[in-house]
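Let me begin by presenting the structure, written as C-alpha cells, before commenting on it.
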Amino acid sequence: MRIIIVLFLFFACGAYAQPGSSLLKWNKEGNAFYKVSSGAIVRIDLPDSKETVIVSAESLRPVGHGRPLAVRDFSFSADGKKVLIYTNAKRVWRYDTRGDYWVLDRGSRQLVQVGRERPASSLLFAKLSPDGSKVAYSSQHNVYVEELATGVTRCLTSTEGTPKLINGTFDWAYEEELDCRDGFRWSPDGLHIAYWQIDANKIKDYLMLNTTDSTYPFVVPVEYPVAGEAPSSYRIGVVDVASGINKWMDIPGDPRQSYLPRMEWAANSTELVLQQLNRKQNESKLLISDVSTGRTTEIYDERDSAFIDCKDVWQDGVIAGWDWLGGGREFLWVSDKDGWRHVYRVSRDGKRETLVTRGSYDVMGVSRVDEKGGWLYFMASPQNATQKYLYRTRLDGKGGPERLTPANEKGMHEYDISPDGRFALHTYSSANVEERQEMVGLPGHASLARAVAGVGGGKEAAAPGGGVGAGTGKEVLFFGVRTADGVDMDGWMVRPSPFDATKKYPVVFYVYGEPAAQTVLDQAGIGANPLYTGDMAKDGYIYVSLDNRGTPAPKGRAWRKSIYRQIGRLNIRDQAMAAKEILKWPFVDSSRVAVWGWSGGGSSTLNLLFQYPEIYKTGIAVAAVGNQLSYDNIYQERYMGLPEENREDFVAGSPITYAKNLRGKLLYIHGTGDDNVHYQNAEQLLNALIAAGKVFQFMAYPNRSHGIFEGDGTREHLAATYTEFLRRNCPPGGR
C-alpha cells in the first residue's frame, strides 16, 4: 500500500517510476557511465563529461522496420560486445516490466529479436548469460533460455497446465508488498539458473468486474490473499541450463506459512543465499543452500517483537542483490535491533558480526560499498527526519560517520555513486528549492566542469539558490508540534497568500499516516495539491501535513514500530491530537477544518472524520481501505498481526467500525477496477453509512485502477470533483 507517497510526483509523471530504473549504468572502472541520447547509446567519460556514441540509433533499426527501436532500457554483456535492448514495454500491475527484447552484436552489427515465437510484449527481465552466448527470460510464467548463435529456445520450467503456477516472477501480493518481480538469477559461471516458483493455486481470486470494455460485463480475476489467508507457497529451483535437469532446494519450514523475499547466488556458483520471513514477518532467517544436493542450512536468525523490514524498504524498492565482502567470506546486513537502523558486517557462517555504522541515527539507504577503498557510503539525517544527506564511514566499523553533503544545502539529496566512489550523480531539492542535478567528485563534493544533460531526470545542474515553494509557487514552512500525549511530530504548512494574521482561515490537512510513507519531507513538490484546480494559498486555505508515529521517518525503531497492531488507532490519535494543537493558533478557523488522503491516507481520513468528528468537519477520502480484513495479507499482517490471534485489533482500526459517528461532510472516491484496494471496500463502507442513516457524497470511477488515471478526462474530472466539494463544504478565505 504505497500509492501517493508524494502525490505531486505521481501526477507530474503520470506513472510509477520502476524501482532502480533511475540508476546510472556505470562502467566497471567507475570513470564513465552509459545512457540513451537521441535514440543512441552513449558513454559519458568523467571528469570531463566527454560524450561518445557507443551504439548509434541507426544500428538499432531492425531489418524491414521504418524506425529504430525505442530504447526503454539496455545492458551490456560482460565483454561489452553485445547489447540487450528492452523496448515496447507494457504495464504489469504497477510497472512496465514486460516487453520485447533485442540483442545487438556490436562486431557483426547483427540485430536479432529474442523470443520471437512468444507473444508480443510478453518477455520479462531478460538477462544475458555471463559469457554473452545466451539470453534467459520469463514469459507467461515460465523461464526460457535462448542460444544467440542458433536462435534455439528451450523452456526450462513448467506451469503444469495451470496459470497460477508461476516460474521466474511473482504473484500480485509478492510484487506489491515485497517488491519481488524479477524471479530468476544466472549463476556466475553461466551453467545454472536459480528461480522462484510461486504456487498461487490455493489463493482465492478476487473478481473485479469490467463493465466498460464490452457489451457484456466480464470478470477479471486476481489471485489475492486477504489478511487471515495463507500466502502462496514457494519453491526455489536450480536448473542445469545444458541438460534442463532441475533440482529443488530443501528449504525448512512451511512454505504456506512463510515468505522467501530474497534469493541470490552466494558469491560462487555452488550455493545460494536466501532470506526467509515467517508468516507474521517478525522473524528473519538467512539460509545457505547447496545447489547440487538441495541441502539448506540456517546461518543467521533475527527476531523482533513487532516486524522486520526487507531490503526494499531502505533501498527505494530494490530488493535484488547481496553485498558480499572478502570474496564471499562476509556480507553486509541491515537491522534496527539495537534501536536504530544500522549496517553490520556478518561472517558467512553468521557467527560473527561487526557494527559498521555507529551512533544514534538511522541508515536511510546504502548508496555504495567501496571495498577496495574501505568505505561504506550511506544516507542519513541524524538531526532532521524530513531531510536526507550522504555520509561515509570505514567498512571495518572503526571511526564515526563523515558527512559529505555540503552543510549549506539543507533538504533532500540522492546520490548515484560510481563503483570506485570517485564520482556521483547528485540530485538535490528542498521544499523551497527546485530540483537540480550535477555530477560531483567525491569525497570533496566539487561539481565537475559541466553538468551532463539527460542523466537521471534529464535536468542540467543549476546554480545554488532557491525560491519559494519549489513546485508550488508558495513558501513551505516546517514546524514541530508536541501533542498532549507528549509526542513530537514534524509538519509543514503553506499559508494563505497574502496572509493576514488578524484573520482566521480554514485549514486542510493532507494525511497518509501508515508505515509505507512519510508526507513531511523537505523536497520539491511538497506542499502542492494536484487535486485542487485553483491556487489554495491565493484562495485562502492553510494547507498542512503531519507525520505521526509509525510513519517510516528516520527517528529510530521505537518511532516506526510503535504502530504495531495499532493502525487506525495510534496514528489517528496522533494526527487528531496534533490538529488540536494547531487549532489553537490564532489564525486558524476551527469551524472550517478539512482532511483528505489517498489509499492508506484515505483510510486515515475516514478514521479521523469518524473518530474525531468534533475536530474534522469535512473529509475527502480516495481509494481507502474501509475494512482492514479485506486488504492483502502481507501488508496487513506485517503491521497488525494475524487475525486468528488478534482480530479485535483489525476491527478496532477499520473505518467501517466508526462510520456511524459521521457528523461532517464526506466525499468518498474509488475506482471500480482497483486491483490493490478493492472496490469492495467502497461498497462495505457505503453500506455501513447507509445503515447508520448518514448522508454523504460518492464518486465511482468505472474500471479505473488504484491511481485513478486511466481514460480521457479522468484526472481533470477527479480534480474538479475534489475542488468543488472542498470549496462548497469548507469555504476558503480569511474571516
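The values are calculated or read from the model by the stated rules, or taken from the named source; none is laboratory data. None of the values given here were measured: they were computed from a predicted structure. No Cβ is skipped: glycine too gets one built from the backbone with ideal geometry, and neighbour counts run over all protein chains shown. When the accessible area is computed, the model is the full protein with side chains, heavy atoms only, and any ligands, DNA or RNA have been set aside. Shrake-Rupley method; radii C 1.70, N 1.55, O 1.52, S 1.80 Å.
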Task: residue 683 accessible area, 1.4 Å probe, all protein chains in place, Å² to nearest 10 - done: 90 Å²
- [ ] Summarise the accessible area of the chain (1.4 Å probe, protein heavy atoms) by the percent that is carbon and sulfur.
- [x] 49 percent
- [ ] With unit charges on the beta carbon (Lys/Arg positive, Asp/Glu negative), name the residue among 636, 381, 626 whose Cα is farthest towards the positive pole of the charge dipole of the chain.
- [x] 381
- [ ] With only Lys, Arg, Asp and Glu charged, each at its Cβ (+1 for the first two, -1 for the last two), find how big the charge dipole of the chain is about the Cα centre; round to the nearest 20 debye.
- [x] 1140 debye
Open item on the list: With angles folded into 0 to 90 degrees, how steeply does helix 643-652 sit against the dominant principal axis of the chain? Use alpha carbons for both and round to 10.
Closed with: 40 degrees
Open item on the list: So if I take the alpha carbon set of the range 24-111, get Rg, then get Rh from the Kirkwood formula, what is the Rg over Rh ratio?
Closed with: 0.99
Task: 169, 502, ranked by accessible area, largest first (probe 1.4 Å) - done: 502, 169
- [ ] Please work out how much accessible surface residue 58 shows to a 1.4 Å probe, ignoring ligands, DNA and RNA, in Å² rounded to 10.
- [x] 110 Å²
- [ ] Could you state the accessible area per residue of the chain in Å², with a 1.4 Å probe and every protein chain left in place?
- [x] 38 Å²
TODO: Treat each spin label as a single point 7 Å out from the Cα along the C-beta direction, and report the residue 499 to residue 219 distance in nm.
DONE: 5.5 nm
TODO: Would you please give the residues with an amide H less than 5 Å from that of residue 299, counting only those at least 5 places away or on a separate chain, with H modeled from the backbone geometry?
DONE: 286, 287, 288
TODO: Report the charge-dipole magnitude of the range 494-635 in Debye, nearest 20, computed about the Cα centre from +1 at each Lys and Arg Cβ and -1 at each Asp and Glu Cβ.
DONE: 440 debye
Task: Contour excess over end-to-end distance, with Cα ends at residue 697 and residue 243 and 0.36 nm allotted per residue - done: 157.2 nm
- [ ] Using just the helices of the chain, give the 222 nm mean residue ellipticity in deg cm²/dmol: DSSP H runs with n ≥ 4 each add -39,500 (n - 2.57), and the total is spread over all residues, rounded to 500.
- [x] -3500 deg cm²/dmol
- [ ] Taking the chain as the reference, fit the longest principal axis to its C-alpha atoms, fit the long axis of helix 570-582 to the helix C-alpha atoms, and give the angle between the two in degrees, 0 to 90, nearest 10.
- [x] 50 degrees
Task: Ranking by accessible area, most exposed first, for 694, 35, 398, 372 with a 1.4 Å probe - done: 372, 398, 694, 35
Task: Pairs beyond 28 Å (Cα-Cα), from 311/372; 504/660; 410/503; 351/372; 127/388; 285/561 - done: 504/660; 410/503; 127/388
Task: Residue order for 186, 598, 248 - accessible surface, 1.4 angstrom probe, largest first - done: 248, 186, 598
TODO: Among DSSP beta bridges whose residues both lie in the chain, state the antiparallel percentage, nearest 5.
DONE: 85 percent
Task: Cα long-axis angle, helix 680-691 against the chain (0 to 90 degrees, to the nearest 10) - done: 20 degrees
TODO: Please name whichever of 654, 157, 34 sits farthest to the positive end of the charge dipole of the chain, dipole taken about the Cα centre and charges placed at Cβ: Lys and Arg +1, Asp and Glu -1.
DONE: 654
TODO: Can you tell me the relative contact order of the range 487-556? Whole percent, Cα pairs under 8 Å, sequence separation 6 or more.
DONE: 53 percent
Task: Kirkwood hydrodynamic radius (C-alpha pairs) into Stokes-Einstein, the chain, 10 °C and 1.306 mPa s, D in µm²/s - done: 58 µm²/s
TODO: Distance from a point 7 Å along Cα→Cβ of residue 297 to each backbone N in the range 241-256: keep the residues under 16 Å and list them by number.
DONE: 250-252
- [ ] Could you state how much accessible area residue 121 has, in square angstrom rounded to the nearest 10, with a 1.4 Å probe and all protein chains kept in place?
- [x] 0 Å²
Task: Relative contact order (percent, whole number), the chain, Cα cutoff 8 Å, 6+ residue spacing - done: 9 percent
- [ ] Using amide H atoms built 1.01 Å from N in the peptide plane, name the residues 5+ places from residue 110, or on other chains, whose amide H lies under 5 Å from its own.
- [x] 105
